[in-house]
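Working notes, structure below.
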Amino acid sequence: MSYISWFNNHAIKHKKIVDKLLNKNYTQEQIVKYFDFDNMVKNEVKFCPLYKKNTKCHDMESLNCYLCACPNFRFNDEGLDIYNGFKILSKCEINNGEKLKAKDAIHQNCSSCNVPHYEEFVVKNFDVKWKKIMCKCYTTKV
Ligand code: SF4
């Protein structure tokens, strides 16, 4: 699956849940709490393939799924840049995480970084429109 199709599919899933909560007059605080992993794994199983296995993407006591992906993530399936002959397809704007070489491309590896999954970070960057928070992720420039 390309980055952009994952991104657009995820935006649709995220909007569906948020619209449902807004229709129930949920406050910002209630929406953020609703996206806590322990609640999502029970009530929104289709949101993340890991939920079926009751598995978290990061080893954290309390993990919030509202900002899955990350506002610091940058991607372009055509390539953001070239490094040693490898296309860079994704990277971290704040240089966290690691790089992953696969075939002829370099990808951002976020597996060691918990930044977007802290509730405080979600509250600080909150908007009911996930794509608005992620507006810098899909980019053509490095
Ligand atoms: S490494 Fe962390 S901060 Fe950077 S894009 Fe990945 S999750 Fe976000």
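What accessible area per residue, rounded to a whole number of Å², is obtained for the chain using a probe radius of 1.4 Å?
On a per-residue basis, the chain sits at 62 Å².
Taking only Cα atoms, what is the 0 to 90° angle, nearest 10, from helix 3-23's long axis to the longest principal axis of the chain?
Approximately 10 degrees, to the nearest 10.
In whole Hz and in residue order, list the ³J(HN,Hα) couplings for segment 35-41 that follow from phi through the Karplus curve 6.51 cos²θ - 1.76 cosθ + 1.60, θ = phi - 60°; x for Gly and Pro.
7, 5, 3, 4, 7, 4, 4
Which value, in Å² rounded to 10, gives the accessible area of Trp6 with a 1.4 Å probe and all protein chains present?
Trp6 exposes around 100 Å² with every protein chain in place.
Ranked from the most accessible area to the least, with a 1.4 Å probe and all protein chains present, what is the order of Lys46, Lys13?
My answer, sorted largest first, is Lys46, Lys13.
Keeping the other protein chains in place, figure out the carbon and sulfur percent of the accessible area of segment 73-142, with a 1.4 Å probe.
That share works out to 53 percent.
Can you run phi through the Karplus equation (6.51, -1.76, 1.60; θ = phi - 60°) for segment 100-113 and list ³J(HN,Hα) in whole Hz, with x for Gly and Pro?
Taking θ as phi minus 60°, the curve returns 10, 8, 9, 6, 10, 9, 10, 10, 7, 10, 9, 4, 9, 10 Hz for segment 100-113.
Could you compute how much accessible surface His58 exposes when probed at 1.4 Å, giving the result in Å² to the nearest 10?
20
Under 10 Å, Cα contacts only: if you run a Gaussian network model on the chain, which one of Lys101, Lys87, Lys53 comes out with the highest mean-square fluctuation?
Per the Cα network of the chain with a 10 Å cutoff, Lys53 tops the list.
The values are calculated or read from the model by the stated rules, or taken from the named source; none is laboratory data. Quick caveat, the model's predicted, so the values are computed rather than measured. Side chains included, ligands, DNA and RNA excluded: accessible areas come from the protein's heavy atoms. Shrake-Rupley method; radii C 1.70, N 1.55, O 1.52, S 1.80 Å.
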